[in-house]
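Okay, structure first, notes after.
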Amino acid sequence: MTRDIEQRKRDHLVLAQNDALNFSISAGFDRWRFIHNALPEINLNEIDTGTTFLGKELQFPLLISSMSGGIEESFNFNANLATAAESVGCALGLGSVRAGLENEQARDSFLIAREKAPTAIIMANLGIAQIMDSQSMDRVATFCGDLQANALIIHLNSLQEAFQPEGDTQFKGALNAIKTWVREFPLPLIVKEVGQGLSIEVIQKLQEAGIKIIDIAGAGGSNWISIERERLSEDQSILKQTAHEFANWGEPTAEVLETLGTDMCVIASGGLKRPLDLPKALALGANMGGIAGALLKQAMATDTGQLIEQLLVWKKTLKMAMFGVGVSMIDELIGNRHLLHKID
Ligand SMILES: Cc1cc2nc3c(=O)[nH]c(=O)nc-3n(C[C@H](O)[C@H](O)[C@H](O)COP(=O)(O)O)c2cc1C
């Protein structure tokens with residue numbers, strides 16, 4: 001991996017912690033509240049937050065969304081995330097494995113995840129640009145085998161790339177490449193954005209292409225256009241000023257859920273900031289929630305105590321919300337909009 005790419009990844013880890021670079025619009029979960037049910041007719045200890053995903057059991061339907069890999073700092077970072085995922089029983093998406101494909105030395109920062117989480121669902125991640133390179137499939141499959149990955153996540157990030165001077169902006173043919181991978185790649189595929197979100201129309205196209213699991217990765221949380229803007233130097237003033245115009249560009253996650261009716265498996269990520277956003281996302285129709293930015297600071301710590309505690313707060317909040325509305329199983333919560341009231 002070149003120094004430039006390594007530096008970019010370091011910049012990303014630092015800048016993504018700056019809340020001022022988040023979207024100023026919300027993902028929309030604050031426009032919903034649960035209707036309290038004072039007669040839940042269930043016992044708290046009978047509530048089961050467990051679910052199945054990719055044929056495996058999860059203690060609760062949460063994905064730690066793809067973040068890092070390939071630089072020295074990612075080794076501990078991914079070790080922490082994997083330890084936490086294994087401990088609390090949620091799924092883990094790793095950051096783009098591109099670096100691990102190009103450089104032997106970068107592989108350990110990914111493989112450590114499987115070492116720390118022998119039974120967890122771990123997913124590899126790759127940008128669409130690498131998917132469009134027809135030479136890469138065998139190498140990716142081998143890497144996923146070494147990682148014992150349960151699936152491969154493909155990220156679409158057209159505007160993020162466009163605001164990187166060195167970005168990869170060849171997106172013509174992306175859908176066809178996805179169709180080829182659906183036919184030929186040995187693992188299940190998940191397609192996500194990185195914070196600008198998948199619109200209803202794009203989700204339909206992905207479904208027609210054979211994709212069965214999508215992650216909205218919508219607007220409201222980490223904002224890759226603003227983060228890339230911060231990395232631009234003053235002599236890239238035109239691109240920098242243009243990036244300001246796009247500071248709130250994207251599909252807010254809750255809005256996509258509100259209009260989406262699909263039989264696909266839907267992961268809702270992008271702007272889930274508060275633990276109550278998870279049960280709200282489920283009631284709006286998601287099968288699972290995903291969080292990245294909300295865990296970033298804890299994941300950078302030297303030990304996993306705070307990270308695990310934070311994830312357990314998300315899990316406990318889900319259980320309490322289920323008690324508050326009177327449902328005992330996750331399947332009764334998913335898509336049950338009667339449990340929610342929209343605040344106008
Ligand atoms: C530091 C950092 C690095 C990220 N790297 C990747 C990546 O390599 N691949 C990817 O698909 N998404 C990446 N993302 C995007 C997240 O997976 C997620 O889609 C996005 O941050 C929106 O979720 P959030 O609002 O909870 O942060 C990254 C996010 C963060 C915060």
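The values are calculated or read from the model by the stated rules, or taken from the named source; none is laboratory data. Computed from a predicted structure; not experimentally measured. Glycine also receives a Cβ, built like all others from the backbone with ideal geometry; neighbour counts cover every protein chain displayed.
Here are some notes:
- So D277, is it farther than 21 Å from I154 by Cα, of a type in the set (D, E) and within 12 Å of the ligand (Cβ to nearest atom): yes
- Hits in the stretch 9-58 - residues which are among the basic types (K, R) and either within 22 Å of A286 (Cβ to Cβ) or surrounded by fewer than 17 Cβ atoms within 10 Å (Cβ to Cβ) (or both): R10, R31, R33, K56
- Residue ID - surrounded by the most Cβ atoms within 10 Å (Cβ to Cβ), chosen from residues in the stretch 184-212 that are outside any loop (DSSP other than H, G, I, E, B) and aliphatic (A, V, I, L, M): V191
- Looking across the stretch 107-143, the residues that are assigned to a helix (DSSP H, G or I), more than 13 Å from the ligand (Cβ to nearest atom) and more than 25 Å from Q170 (Cα to Cα) come down to D108, L111, I112, A113, R114, E115, K116, T142.
- Scanning the stretch 302-344 for residues that are among the β-branched types (V, I, T), within 25 Å of the chain's Cα centre (by Cα) and at pLDDT 95 or above yields T304, I308, V313, T317, I330, I334.
- Pair list, Cβ under 6 Å, 6 or more apart: the stretch 42-69 residue of a type in the set (K, R), other residue within 16 Å of the ligand (Cβ to nearest atom): K56/I121
- Among the criteria (1) surrounded by 18 or more Cβ atoms within 10 Å (Cβ to Cβ); (2) at negative phi, the one E230 does not fulfil is (1).
- Looking only at the stretch 150-166, and only at residues there that are assigned to a loop (DSSP other than H, G, I, E, B) and within 14 Å of the ligand (Cβ to nearest atom), the one that is nearest to I211 (Cα to Cα): L156
- Of the set (1) of a type outside the set (K, R); (2) touching a strand residue (DSSP E or B) at 6+ places or on another chain (Cβ under 9 Å); (3) closer than 30 Å to V256 by Cα; (4) in a helix (DSSP H, G or I), all apply to V14 but (2).
- Exclusive hit being within 11 Å of the ligand (Cβ to nearest atom), over 19 Å from N157 (Cα atoms) and within 19 Å of the chain's Cα centre (by Cα), set Q17, Q59: Q17
- For the stretch 284-317, taking the residues that are closer than 19 Å to T49 by Cα and crowded, with 23+ Cβ neighbours inside 10 Å, the one that is nearest to the ligand (Cβ to nearest atom) is identified as I291.
- Helices (runs of 4 or more DSSP H) contained entirely in the stretch 229-344, each with at least 1 residues that are over 24 Å from R8 (Cβ atoms): 253-259, 277-283, 305-325, 330-333
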